[in-house]
Structure formats: structure tokens, C-alpha cells
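*Asks:* Mind looking over this structure? Questions follow.
The values are calculated or read from the model by the stated rules, or taken from the named source; none is laboratory data. Computed from a prediction, not measured in an experiment: that's the story for all the values here. Virtual Cβ from ideal backbone geometry, glycine too; neighbours counted across all protein chains shown. Accessible surface is based on the protein model in full, side chains and every heavy atom, while ligands, DNA and RNA are left aside. Shrake-Rupley method; radii C 1.70, N 1.55, O 1.52, S 1.80 Å.
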Amino acid sequence: MADRVTVIGWDGSPLTPAARSALSAATLVAGAAHHLALPEVPPRAERIRLGSVDLAARRIAGHRGSAVVLADGDPGFFGVVRTLRAPEHGLEVEVVPAVSAVAAAFARAGMPWDDAQIVVAHRRTLRRAVNVCRAHTKVAVLTSPGAGPVELALLLEGVHRTFVICEELGSEREQVTVLTSDKVADHAWRDPNLVIVIGGGQGAAAGAGWIAGRDPGHPQQVRGWALPAHAYGEGLGPGESADLRAAQLARLGPRTGDLVWDIGCGSGALSAEAARFGAAVIAVDADPDACARTEAAARRFGVQVQVVAGRAPHVLESLPEPDVVRVGGGGAQVVSACADRRPERIVAHAATRDGAEAIGAALEAGGYDVECALLQSVELDTSAWSERERSVAFLLSGRRRERSP
């Protein structure tokens, strides 16, 4: 094992005395091509072009002498330190950090970033990174080849955002470009780059914050969920009771990085509450009044919801792939169309047993394990402890069965 392993962050500025001292003693240096070209790298040191960090870690583990790993920005922030310290490599490292690419990008833009979401986009996580950009008003995206500004913009089709694209930060070729998302695909962008995605209505509250990212104590972030009818202004429609909504949300489990379809969104209550969990939401309804109520609910709670006017199942063909789906209207036909898109979970409800059986059959045929419960809730007038309102519904939920290899 190497006698000493030092990880040095580089942000384009001159190396610190600590970094120069570690480099001068190095017998092995790993890094990208521009790192290995630094004049401080000892000419006799073994050089490893850093492609796979795992492969480099194995080489370093078997090296006798002092090893240095050079990385852009802060190597402890979505960087190589995590891999080097993984149990399978057993490396103890010293870290000399530099300004992270995220901090540098926001500095170039002249913007604070304690209220930003930060995500890493590569081919496997690109869709989830895009969903975070749909759901939040300020997101920094650490990109990679094949998951860069163009791919982000194309997958955000229909959602207006502003992109601040920072190319080759810290180098002589550094460039910062500000464009609306619909113009991004018209350009070619150099790697490495980082994208700040901004827009979508209400941002963070003015003044000093106390927690990074989204503030759960923001005045519009009401405590609790499955809120009562009066929280939505004009109230709720049929099949939108708070108890039914609570059960639907519990079975969907919307979370950051997910895309939720809310089909037949009605008052927008479920859409707004799914967005409050951090998920991206597309709300669909053929009724213009329902679309307007959903947009108003999103504004009221300070969340981002994309509202699509149209009738399911036809309107669903152009929507991006969902992670979970709530079918608030349309019955078995719409459930079948949703099952064809293979979301992880689907929930729906029915007013009658025949309707429930039809939806259950559609879920089963679509490859889902089906659960059904008859929910009955009674609202009481506590001044007289008498019944005020009663609601009954069949709740159906489907969990996708994994196909056999």
C-alpha cells in the first residue's frame, strides 16, 4: 500500500504550499491530462491517466511510495475521495481541497447557492436529475458526456427554465453562457461543464436561511399533508377526500427525483402535495377549470406543477416517463394506458365494486400486483358529535412486477 496518499483539488488557481509540497514528494501522480501537464508534477513520478477511479485506486493501493491524486474542484464534494476511501480499497487519504465547481459557477453568475439543489447527471441518473429541475427553482447540475446541457434541455421540453452554462471553469477557455432552455439544443457545449437551471415561479424566501437546499420551514410549506378541503380554496371534488388522498400518497411514496402523473387532477390537491414531497408533477385534466384550480393550488403552496390540458389516455402519449401514477378519473381504460408505460406504482379509486374489479383486472393484465381496500371515512361535527359527511371509495394500488430475465 502507498505510504501516503494525498488528494489535491485544483480550480485553476496556483497550487497552495501544502499541495506543492505533497506533489514534490510524489512517486505516483494520478489525474486527468491537464492535471498531469502541471509543471509541479515531478518528471520522474509514475503517471496514471485518471479514467476509472477504481482502477487507479487499485494501482495506488499496490504502490510503494507517496501517491497524489489530482482532481478538479473540491475532491470531497461528489468527487474521488469517496471512491478512494471505499472499504474495498482501504486507502487513508489526506485532502487538500479547492473551490468546488458548484461554488465557482454560482460565483461567476453572482448568485447565492445555499438555496440550490445539487445533482449529478450521467446516463443512468439523467432522468432523475431532470425531474429535480422540474420540481425546484434553482438546481446545479454536474454534467457528464451524454448527460449535458442539450440532453437536459430536451428532456425539459414544455417546462421553461433559464440555463447558466459554465464551460471549462478555471481554465483559459472558461466561458459562461446564459440561455433559455429552448435555445440550448441549438449549440455545442464543451466538456467539462456545469449547468445552473433557474426558474419556475416562487423561489426561496428573502433573507438569511438556516438550511441548505429547500427550506422545510418556508411560510408556504404548510405543516402536515392530506390537508382538509378548506386548504384548497374552492374545496375538493368527488373522490378527493383527505383520507383517500392520504392513502393514495402513502402508496405512491413520491420523492425527490420522481416524476408523478396525476391524471384527472381535479382541485390539484394531490398534485400540490406530491410536489411538496419534492417530486416533479405533471397534472392532467380535460376540464379547463380543473387545470386552473391546480395551477392556483401550486401557487398557494409554492411548488412547481406542470399542468397539461387534455383527455387521457390520448394526451399521455407525449408525456415523459412517470415513476408513479395516480389515476383520478378515466377508469380501467386510462389505468391500462398508464400500465403500458411501466411506472413503479399506480393508484386509482372506484365508487363501485364493478368499477374496482375492472381497474384491478387492468392492473393485473398490465403486470402489477394488485391490492384493494374499501375505505370509509366519517367526518364528525365536534360541537354535537354528530355525523357531518360520509365518504366511501374502493382504493386500488398496483406495484409493478419485475419481468423475468
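*Asks:* Looking at the range 267-319, which of its residues are among the small types (Gly, Ala, Ser) and surrounded by fewer than 18 Cβ atoms within 10 Å (Cβ to Cβ)? Lay out the reasoning, then the answer.
*Replies:* If we filter the range 267-319 for residues that are among the small types (Gly, Ala, Ser), which is where we start, we get 267-269, 271-272, 274-275, 278-280, 283, 286, 290, 292, 296-298, 302, 309-310, 312, 318.
Within the range 267-319, ALA286, ALA292, ALA296, ALA309, GLY310, SER318 meet the criteria.
*Asks:* Here's something else I'd like to know. When the range 2-39 is examined, which residues are found to be surrounded by 17 or more Cβ atoms within 10 Å (Cβ to Cβ) and more than 39 Å from the chain's Cα centre (by Cα)?
*Replies:* Correct list: ALA26, THR27.
*Asks:* Which condition number in (1) among the aliphatic types (A, V, I, L, M); (2) open to solvent by less than 60 Å² (accessible area, probe 1.4 Å); (3) over 16 Å from the mean Cα position of the chain (by Cα) is the one that VAL139 fails?
*Replies:* In the conditions (1) among the aliphatic types (A, V, I, L, M); (2) open to solvent by less than 60 Å² (accessible area, probe 1.4 Å); (3) over 16 Å from the mean Cα position of the chain (by Cα), VAL139 misses (3) alone.
*Asks:* Checking ILE60 against (1) closer than 30 Å to ALA140 by Cα; (2) crowded, with 21+ Cβ neighbours inside 10 Å, only one condition comes out false. Which one?
*Replies:* Of everything listed in (1) closer than 30 Å to ALA140 by Cα; (2) crowded, with 21+ Cβ neighbours inside 10 Å, ILE60 misses just condition (1).
*Asks:* Tell me, which strands (runs of 3 or more DSSP E) wholly within the range 100-184 include 1 or more residues that are more than 20 Å from GLY76 (Cβ to Cβ)? Let's see the steps before the verdict.
*Replies:* Working: elements: 117-120, 138-142, 162-167, 175-180.
Counting at least 1 such residues, we get 138-142, 162-167, 175-180.
*Asks:* Does the range 177-189 hold any residues that are within 24 Å of the chain's Cα centre (by Cα) and open to solvent by 20 Å² or more (accessible area, probe 1.4 Å), and which are they?
*Replies:* Once the filter is applied, which keeps residues that are within 24 Å of the chain's Cα centre (by Cα) and open to solvent by 20 Å² or more (accessible area, probe 1.4 Å), the range 177-189 yields THR177, VAL178, LEU179, THR180, ASP182, LYS183, ALA185, TRP189.
*Asks:* Moving on to the next point. Can you tell me which residue is modelled with the lowest pLDDT among those in the range 328-377 that are surrounded by 15 or more Cβ atoms within 10 Å (Cβ to Cβ) and polar (S, T, N, Q)?
*Replies:* Only one residue tops the list, namely SER377.
*Asks:* Quick one: ALA109 ticks every box in (1) open to solvent by 50 Å² or more (accessible area, probe 1.4 Å); (2) out of contact with any Ser or Thr (no Cβ under 9 Å at 6 or more places or on another chain); (3) over 19 Å from GLY257 (Cβ atoms) bar one, so which box is it?
*Replies:* Answer for ALA109: the failing condition is (1).
*Asks:* If you don't mind, another one. Taking the range 233-254 only, how many residues are open to solvent by 30 Å² or more (accessible area, probe 1.4 Å), of a type in the set (D, E, K, R) and part of a helix (DSSP H, G or I)?
*Replies:* Counting residues in the range 233-254 that are open to solvent by 30 Å² or more (accessible area, probe 1.4 Å), of a type in the set (D, E, K, R) and part of a helix (DSSP H, G or I) gives 2.
*Asks:* Can you confirm whether the range 258-269 contains a residue that is in a loop (DSSP other than H, G, I, E, B) and either charged (D, E, K, R) or within 19 Å of ARG399 (Cα to Cα) (or both)? Before you say what the answer is, go through the steps one by one.
*Replies:* Filtering the range 258-269 down to residues in a loop (DSSP other than H, G, I, E, B) leaves 258, 264-268.
Adding the requirement that they be either charged (D, E, K, R) or within 19 Å of ARG399 (Cα to Cα) (or both) leaves 258.
Looking through the range 258-269, at least one residue is in a loop (DSSP other than H, G, I, E, B) and either charged (D, E, K, R) or within 19 Å of ARG399 (Cα to Cα) (or both).
*Asks:* Can you name every residue in the range 336-347 that is in contact with a Phe, Trp or Tyr (Cβ under 9 Å, 6 or more places away or on another chain) and free of Cβ contacts under 8 Å to residues at least 60 places away in the same chain?
*Replies:* Our first condition is that a residue be in contact with a Phe, Trp or Tyr (Cβ under 9 Å, 6 or more places away or on another chain); within the range 336-347, this holds for 338-339, 341, 343, 345-346.
Residues satisfying the conditions are ALA339, ARG341, ILE346.
*Asks:* Shifting gears a bit: Could you tell me how many of the residues in the range 239-251 are out of contact with any Leu (no Cβ under 9 Å at 6 or more places or on another chain) and among the aliphatic types (A, V, I, L, M)? Before you say what the answer is, go through the steps one by one.
*Replies:* Within the range 239-251, the subset out of contact with any Leu (no Cβ under 9 Å at 6 or more places or on another chain) is 239, 246, 250.
Then keep just the ones that are among the aliphatic types (A, V, I, L, M); that gives 246, 250.
Residues that pass the stated criteria total 2.
*Asks:* Based on this model, can you work out whether VAL176 counts as modelled with pLDDT of 90 or more, among the hydrophobic types (A, V, I, L, M, F, W, C) and within 23 Å of PRO145 (Cα to Cα)?
*Replies:* Details: modelled with pLDDT of 90 or more: yes; among the hydrophobic types (A, V, I, L, M, F, W, C): yes; within 23 Å of PRO145 (Cα to Cα): yes.
Spelling it out, VAL176 is indeed modelled with pLDDT of 90 or more, among the hydrophobic types (A, V, I, L, M, F, W, C) and within 23 Å of PRO145 (Cα to Cα).
*Asks:* Which residues, taken from the range 299-326, are without any contact (Cβ under 8 Å) to a residue 60 or more places away in the chain, within 18 Å of LEU252 (Cβ to Cβ) and not in a loop (DSSP other than H, G, I, E, B)?
*Replies:* Selection gives LEU316 alone.
*Asks:* Of the numbered conditions (1) aliphatic (A, V, I, L, M); (2) buried (at least 18 other Cβ atoms within 10 Å of the Cβ); (3) within 16 Å of the chain's Cα centre (by Cα), VAL164 satisfies every one except a single condition; which is it?
*Replies:* With (1) aliphatic (A, V, I, L, M); (2) buried (at least 18 other Cβ atoms within 10 Å of the Cβ); (3) within 16 Å of the chain's Cα centre (by Cα) applied to VAL164, the lone miss is (3).
*Asks:* Pick from the range 1-39 the residues that are under 22 Å from SER171 (Cβ atoms) and among the hydroxyl-bearing types (Ser, Thr, Tyr): which of them is modelled with the lowest pLDDT?
*Replies:* SER13
*Asks:* Of the residues in the range 190-202, how many are touching a strand residue (DSSP E or B) at 6+ places or on another chain (Cβ under 7 Å) and exposed (fewer than 14 other Cβ atoms within 10 Å of the Cβ)?
*Replies:* Looking only at that region, the number is 1.
*Asks:* Sticking with this structure for a sec: Looking only at the range 327-346, which residues are assigned to a strand (DSSP E or B) and under 22 Å from the mean Cα position of the chain (by Cα)? If you could, list the steps in order and put the result at the bottom.
*Replies:* From the range 327-346, those assigned to a strand (DSSP E or B) are 327, 345-346; that's our starting set.
Scanning the range 327-346 gives ARG345, ILE346.
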